[in-house]
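Novice: The structure is given below, and queries will be raised subsequently.
The values are calculated or read from the model by the stated rules, or taken from the named source; none is laboratory data. The structure presented is a predicted model; accordingly, all values stated were derived computationally and were not measured. Because the Cβ atoms are built from the backbone with ideal geometry, glycine has one as well, and the counts that use them run over all protein chains shown. Ligands, DNA and RNA are excluded from the accessible area calculation, which covers all protein heavy atoms including side chains. Shrake-Rupley method; radii C 1.70, N 1.55, O 1.52, S 1.80 Å.
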Amino acid sequence: MTIRYIFIKITPVIVDSFGRKIDYLRISLTDRCNLACRYCMPVKGLGMIPRSEILSFEELERIIEIFKNLGIKKFRFTGGEPLVRRGVLEFFERLDLDNFYLTTNLVVPNLDIERLNNTGLSGINVSCDSLVREKYRYITRGGDLKTFLSNLERLRVPVKLNVVVIRGFNDNEIRDFINFGVSHDITVRFIEKMNFRTESTFVEYESSESDFISLSHMRNKLTEEGVLEEDVFSENNSVARYFRVKGKNVKVGFITHISNPFCNSCNRIRIKANGELKLCLFDRRNYSLRELIRREKNDCVIGEMIKDLVMMKRKEPHYAVSNETAAEIGG
Ligand code: SAM
Ligand code: SF4
């Protein structure tokens, strides 16, 4: 009698206590930034995490390997501005990952775009909240739109452009951004402004008491007016709902965390630059993985502890306002 063995490869997976599959990790590489966008950075709050508390690249590589073995499929590096961190391109070049992404303002000085193109990144999200030079400078507290645009022209990695929509500031530029997406053949994604800890004031542009604007409403209006066609594209586990620009093969996305939250299908967790694990943007409980990896030598033990922590991810946030800056958490 012949005995046959069948080997079944078990793919690791983390499922939280509400049955959500967690397979996306966002990692903030630094809380420092060369800009200070008004909705993100408090003027005086740049780079508050002491350097000794920031995870080293070696620590990050170890953490990434642990999360990979737990079933994380997609990694995104963010910040602060990830590209201001010294050695970041070498770090990307060393990574052994199928799917890793970057979110950047793309205006850091002396940026080697050719090298960035060749690091193996699967995609880059770039942030730009106005196509008007003076307004861009205002919202970023000093950024140069021309530098952004010329760097964007030279990117050869799939790009999405993120726009945080602020009432009375850039809500009159929606169609300009859609046209920009068409002329540059890139996906533009409009994002609802969230409340992080900032000293945000849009005094010069404010037209109402609140600078929040519901994008669910705006999206419906653009569809009714025939600018966009109903969701013809869908991306697995994406927080954005995508529409097609009428008559063009170009996508426009809407991220409506506030007017239409997607907590039921949330698949993401975050690590702050100081190594704190964040289970939700608006959860005020953080867990220090830095302490854990600095004292524990066994990666399996750390993996088991992370799985236990993920079980504490809440169904939805308890707070509507974060007590941290977007730059600390990574947006
Ligand atoms: N510096 C990079 C950049 O600007 O792309 C990466 C870090 S930034 C914190 C990541 C994303 O968070 C950006 O697209 C930014 O526009 C977004 N963001 C920051 N503050 C936000 C807020 N209050 N509401 C919504 N999105 C925000
Ligand atoms: Fe810096 Fe990005 Fe925050 Fe702007 S949004 S201040 S570029 S981290």
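Novice: What list of ³J(HN,Hα) couplings, whole Hz, do you get for the range 131-147 from phi and the Karplus terms 6.51, -1.76, 1.60, once you set θ to phi - 60° and write x for glycine and proline?
Specialist: Going residue by residue, I get 9, 9, 3, 5, 5, 4, 4, 5, 5, 8, 6, x, x, 10, 4, 4, 5 Hz, with x marking Gly and Pro.
Novice: Take the Cα of Asn69, step 7 Å along the line toward its Cβ, and report every residue of the range 304-331 whose backbone nitrogen sits under 17 Å from that point.
Specialist: So the set is 304-309.
Novice: Using a 1.4 angstrom probe on the protein heavy atoms only, line up Lys21, Lys146, Lys307, Lys278 by accessible area, largest first.
Specialist: Lys146, Lys21, Lys307, Lys278
Novice: Right, next: Given the Cα-Cα distance of Glu296 and Val159 and 0.36 nm per residue of separation, how much length would full extension add, in nm?
Specialist: Stretched out fully, the Glu296 to Val159 stretch lengthens by 45.5 nm.
Novice: Using a Gaussian network model of the chain whose springs link C-alpha atoms within less than 10 Å, name the residue from Leu111, Leu83, Leu161 with the highest mean-square fluctuation.
Specialist: Largest GNM mean-square fluctuation: Leu111.
Novice: Just order 216-225, 322-331 by mean Cβ neighbour count inside 10 Å, highest at the front, would you?
Specialist: Highest-to-lowest ranking by the protection proxy: 322-331, 216-225.
Novice: For every helix of n ≥ 4 consecutive DSSP H residues, a contribution of -39,500 (n - 2.57) applies; sum these over the chain, divide by its total residues, and give [θ] at 222 nm rounded to the nearest 500 deg cm²/dmol.
Specialist: The per-residue figure over the chain is -7500 deg cm²/dmol.
Novice: Turning to a different aspect of this structure: Under 19 Å from a label point 7 Å along Cα→Cβ of Glu90: give me every residue in the range 1-33 with its amide N that close.
Specialist: Residues passing the 19 Å test: 29-30.
Novice: Cα axis of helix 174-184 to longest principal axis of the chain: angle in degrees, 0 to 90, nearest 10?
Specialist: On a 0 to 90 degree scale, this one is about 70.
Novice: Then there's this: Rounded to the nearest whole Å², what accessible area per residue is found for the range 14-329 with the 1.4 Å probe?
Specialist: That works out to 45 Å² for each residue.
Novice: Under 5 Å between amide hydrogens, which residues at least 5 positions from Arg76 or on another chain qualify, with H placed 1.01 Å from N in the peptide plane?
Specialist: Excluding prolines and chain starts, which carry no amide H, the hits are Leu25, Arg26, Ile27, Tyr101.
Novice: Carbon and sulfur atoms: what percent of the 1.4 Å accessible area of the range 14-329 do they account for?
Specialist: Carbon and sulfur atoms account for 47 percent of the accessible area of the range 14-329.
Novice: Follow-up. If I model a spin label as a point 7 Å beyond the Cα along the Cα-Cβ vector, how far apart are those points for Asp176 and Asn34 in nm?
Specialist: Going by the 7 Å Cα→Cβ label model, 2.3 nm.
Novice: With a 1.4 Å probe and all protein chains in place, put Ser17, Ser127, Ser28 in order of accessible area, largest first.
Specialist: Ser17, Ser127, Ser28
Novice: Please list the equivalent ellipsoid semi-axes of the range 14-329, computed as the square roots of five times the alpha-carbon gyration tensor eigenvalues, in descending order and whole angstrom.
Specialist: One finds semi-axes of 31, 22, 20 Å for the range 14-329.
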